[in-house]
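Chemist: Got a structure for you, written out below as structure tokens; questions coming shortly.
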Amino acid sequence: MREYAIKGGAPLVGEVEIGGAKNAALGILAGALLSNETVEIENVPDLYDTNVMMDALKELGAYVEKVDRHTVRINGAGVHKTELDNDDLKKIRGSYYFAGSLLGKYKNARIALPGGCNIGSRPVDQHIKGFNALGASVQIENGCLVCEAESLTGTHIYLDVVSVGTTINVMLAAVLASGQTYIENAAKEPHVVDVANFLNSMGAHVRGAGTDVIRITGVESLHAAKYSIIPDQIEAGTFMLAAAVTKGDVLVKNVIPKHLESITSKLLEIGCEVEEFDDAVRVVASKPFKHTQVKTLPYPGFPTDMQPQIVVALGLAEGTSIVTESIFENRFRYVDELTRLGANIKVEGNTAIIEGVEKYRGANITAPDLRAGAALVVAGLASEGYTLVDDIHYVERGYEDFPEKLAGLGAAIQVVNDEKELTKFKLKVG
Ligand code: UD1
């Protein structure tokens with residue numbers, strides 16, 4: 001038993017500081033080995049996934065020094081192997097970025113195929129297409145992606161689907177390739193831009209990140225750099241939704257408000273107030289929510305990683321809302337859990353039809369994946385009575401100090417390891 005115990009009902013009020021972007025950090029950590037000089041990275045979130053990436057860097061022979069909780073120095077000069085196949089790596093999605101960076105620098109890589117959340121089939125055909133186009137041969141052998149090349153040469157690569165992972169992986173492989181690489185139909189997510197900016201800080205020549213076409217001019221080598229990772233769009237969005245569904249008033253600090261526009265606009269539509277500052281947003285919710293429609297799309301559309309959180313809010317809105325998931329087909333698995341709290345949601349294919357209810361009531365529920373797990377915690381905070389959320393290791397993969405940050409806003413939430421701790425929690429919160 002390791003669960004979040006929550007007593008819902010209290011509006012979240014106060015200020016919360018958002019950490020560095022997990023999905024940018026994964027690409028940046030893998031990219032750090034591209035240089036033989038020391039790269040210092042700041043604002044690295046302290047999460048299971050980032051720690052697995054740092055352990056993998058050590059296993060490869062890179063020098064990795066944690067300067068403080070969120071700063072790490074990496075030097076890739078000592079890398080002496082290009083093979084990674086351990087169980088921790090298989091659990092995380094970002095591990096495949098080592099295929100791009102090792103292939104780019106050493107012209108070969110053997111990496112266990114990635115895991116990550118079970119939110120739908122997650123093929124790697126576009127990654128393979130990109131590496132092939134650069135001149136590498138790629139096979140899948142015994143569960144590993146095996147990439148080899150004599151040399152890598154820039155070319156035009158058209159992605160059949162807009163893929164964050166492929167865009168980052170091809171960038172990592174192409175920065176040291178000869179000539180120019182064009183990634184067309186590239187993903188435009190803020191973390192794609194952040195990885196490009198990081199590579200440029202090491203002397204790479206990546207242009208156009210954040211648009212449909214990224215142009216990379218290969219360079220001979222990359223140099224030392226100091227780089228700070230952008231704030232996490234999804235952590236920020238999750239706290240914005242937590243403020244909303246608890247009818248709270250929260251200043252979400254250390255964010256880039258532009259990255260949150262699709263979320264802000266939905267919150268405004270359902271009747272919240274959202275105030276934007278230079279590097280913060282304030283969400284105030286006092287009125288009943290209005291129903292709306294949401295469709296997940298690649299950036300700048302509404303992020304699929306915020307879909308469960310917005311559904312939690314719409315479950316409490318007046319009338320019928322429709323949410324369409326267009327990125328991952330398996331992303332409504334949490335709906336049964338939300339139903340235990342009293343939500344009235346019917347899923348048909350990739351669409352959720354949500355009849356708003358007046359309130360949620362606490363229950364025992366299980367996190368099916370990372371973002372849905374966070375959304376269920378948010379739902380628990382808005383529920384009457386006690387909610388217990390199981391399988392919280394998923395949530396811990398993506399949210400640093402989640403219960404502590406929520407408690408800082410007045411939430412009654414705590415990790416409990418046994419019945420005794422649960423009883424104590426209940427006595428404490430009354
Ligand atoms: C990343 C994020 C994840 C987020 C997702 C979409 C990380 C570690 N994870 O995942 O949190 O939900 O972006 O914003 O950054 N596809 C293919 N072939 C491929 C690759 C992808 O068909 O080779 C498809 C996928 O099945 C999916 C779509 O493309 O339907 C988008 O996937 P992608 O952007 O690649 O997601 P990830 O990088 O895995």
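The values are calculated or read from the model by the stated rules, or taken from the named source; none is laboratory data. Given the structure is predicted, the values throughout are model-derived calculations rather than measurements. Backbone-built Cβ (ideal geometry, glycine too); neighbour counts: all protein chains shown. Areas reflect the complete protein model, heavy atoms only, side chains present, ligands, DNA and RNA absent. Shrake-Rupley method; radii C 1.70, N 1.55, O 1.52, S 1.80 Å.
Chemist: Going by the structure shown, is PRO368 in a loop (DSSP other than H, G, I, E, B) and within 16 Å of the ligand (Cβ to nearest atom)?
Modeler: The answer is yes for PRO368.
Chemist: Counting just the residues of region 265-286 that are of a type in the set (Val, Ile, Thr) and under 18 Å from VAL13 (Cα atoms), which one comes out surrounded by the fewest Cβ atoms within 10 Å (Cβ to Cβ)?
Modeler: Filtering first and then ranking leaves VAL284.
Chemist: Right, another one. Of the residues TYR360, TYR299, TYR386, which single one is open to solvent by 30 Å² or more (accessible area, probe 1.4 Å), more than 16 Å from the ligand (Cβ to nearest atom) and at pLDDT 95 or above?
Modeler: Of the residues listed, the single one that is open to solvent by 30 Å² or more (accessible area, probe 1.4 Å), more than 16 Å from the ligand (Cβ to nearest atom) and at pLDDT 95 or above is TYR386.
Chemist: Still on this structure: Here is a list of conditions, (1) closer than 28 Å to VAL162 by Cβ; (2) touching an Asp or Glu at 6+ places or on another chain (Cβ under 8 Å); (3) open to solvent by less than 20 Å² (accessible area, probe 1.4 Å), and PHE289 meets all of them except one; can you say which number that is?
Modeler: (1)
Chemist: Out of (1) closer than 17 Å to ARG371 by Cβ; (2) touching a Gly at 6+ places or on another chain (Cβ under 8 Å); (3) exposed (fewer than 15 other Cβ atoms within 10 Å of the Cβ); (4) not hydrophobic (A, V, I, L, M, F, W, C), what's the single condition that is false for GLY319?
Modeler: The single condition GLY319 does not satisfy is (1).
Chemist: May I ask you to list the residues in region 247-256 that are open to solvent by 10 Å² or more (accessible area, probe 1.4 Å) and at negative phi?
Modeler: The answer is ASP249, LEU251, LYS253, ILE256.
Chemist: Please determine whether any residue of region 2-16 is within 15 Å of the ligand (Cβ to nearest atom) and touching a Gly at 6+ places or on another chain (Cβ under 6 Å).
Modeler: For region 2-16, residues within 15 Å of the ligand (Cβ to nearest atom) and touching a Gly at 6+ places or on another chain (Cβ under 6 Å): absent.
Chemist: Confirm whether PRO11 is surrounded by fewer than 21 Cβ atoms within 10 Å (Cβ to Cβ) and closer than 30 Å to LYS247 by Cα.
Modeler: Criteria met by PRO11.
Chemist: Could you give me the residue pairs with C-beta distances under 6 Å whose first residue belongs to region 180-193 and is charged (D, E, K, R), whose second residue is not in a strand (DSSP E or B) wherever it lies, and which are 6+ apart or on separate chains?
Modeler: LYS188/GLY210; LYS188/TYR299; GLU189/VAL164; GLU189/TYR299
Let's see how each residue does on (1) touching a His at 6+ places or on another chain (Cβ under 8 Å); (2) away from the ligand (no atom under 16 Å from the Cβ); (3) more than 30 Å from ARG122 (Cβ to Cβ); (4) not assigned by TED's automatic domain parsing to the domain that holds LEU251:
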| position | (1), (2), (3), (4) |
| --- | --- |
| VAL281 | no, yes, yes, no |
| LYS295 | no, no, no, no |
| THR320 | yes, yes, yes, no |
| ALA382 | no, yes, yes, no |
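Chemist: How many residues does region 241-268 contain that are out of contact with any strand residue (DSSP E or B) (no Cβ under 7 Å at 6 or more places or on another chain) and of a type in the set (D, E, K, R)?
Modeler: 3
Chemist: Continuing with the same structure: Which of the residues that make up region 30-44 are in a loop (DSSP other than H, G, I, E, B) and over 15 Å from VAL195 (Cβ atoms)?
Modeler: Answer for region 30-44, where residues must be in a loop (DSSP other than H, G, I, E, B) and over 15 Å from VAL195 (Cβ atoms): ASN36, GLU37.
Chemist: Counting just the residues of region 34-48 that are open to solvent by 60 Å² or more (accessible area, probe 1.4 Å) and over 18 Å from the mean Cα position of the chain (by Cα), which one comes out nearest to ILE18 (Cα to Cα)?
Modeler: GLU37
Chemist: Let me ask another. Of the conditions (1) buried (at least 18 other Cβ atoms within 10 Å of the Cβ); (2) free of Cβ contacts under 8 Å to residues at least 60 places away in the same chain; (3) not basic (Lys, Arg), THR339 satisfies every one except a single condition; which number is it?
Modeler: (1)
Chemist: Which ranges mark the helices (runs of 4 or more DSSP H) fully within region 387-430 that have 3 or more residues being touching a residue at least 60 places away in the same chain (Cβ under 8 Å) and in contact with a helix residue (DSSP H, G or I) (Cβ under 9 Å, 6 or more places away or on another chain)?
Modeler: Filter on region 387-430 gives 393-396, 402-408.
Chemist: Here is a follow-up. Can you name the condition, by its number, that ASN51 falls short on among (1) part of a helix (DSSP H, G or I); (2) buried (at least 19 other Cβ atoms within 10 Å of the Cβ); (3) not acidic (Asp, Glu)?
Modeler: All conditions are met except number (2).
Chemist: Six or more apart or on different chains, Cβ atoms under 9 Å: show the pairs whose first residue is in region 157-175 and assigned by TED's automatic domain parsing to the domain that holds GLY130 and at negative phi and whose second is at pLDDT below 95 and hydroxyl-bearing (Ser, Thr, Tyr).
Modeler: Cβ pairs passing all conditions: GLY165/TYR96; ASN169/TYR96.
Chemist: Separate question: Given the conditions (1) within 16 Å of the ligand (Cβ to nearest atom); (2) within 21 Å of VAL16 (Cα to Cα); (3) at pLDDT 95 or above, which single one is not true for LEU406?
Modeler: Tallying (1) within 16 Å of the ligand (Cβ to nearest atom); (2) within 21 Å of VAL16 (Cα to Cα); (3) at pLDDT 95 or above, LEU406 fails exactly one: (1).
Chemist: While we're on this one: What number of residues within region 234-261 satisfy the criterion of being of a type in the set (Val, Ile, Thr), within 17 Å of the chain's Cα centre (by Cα) and more than 16 Å from the ligand (Cβ to nearest atom)?
Modeler: Total satisfying the criteria: 2.
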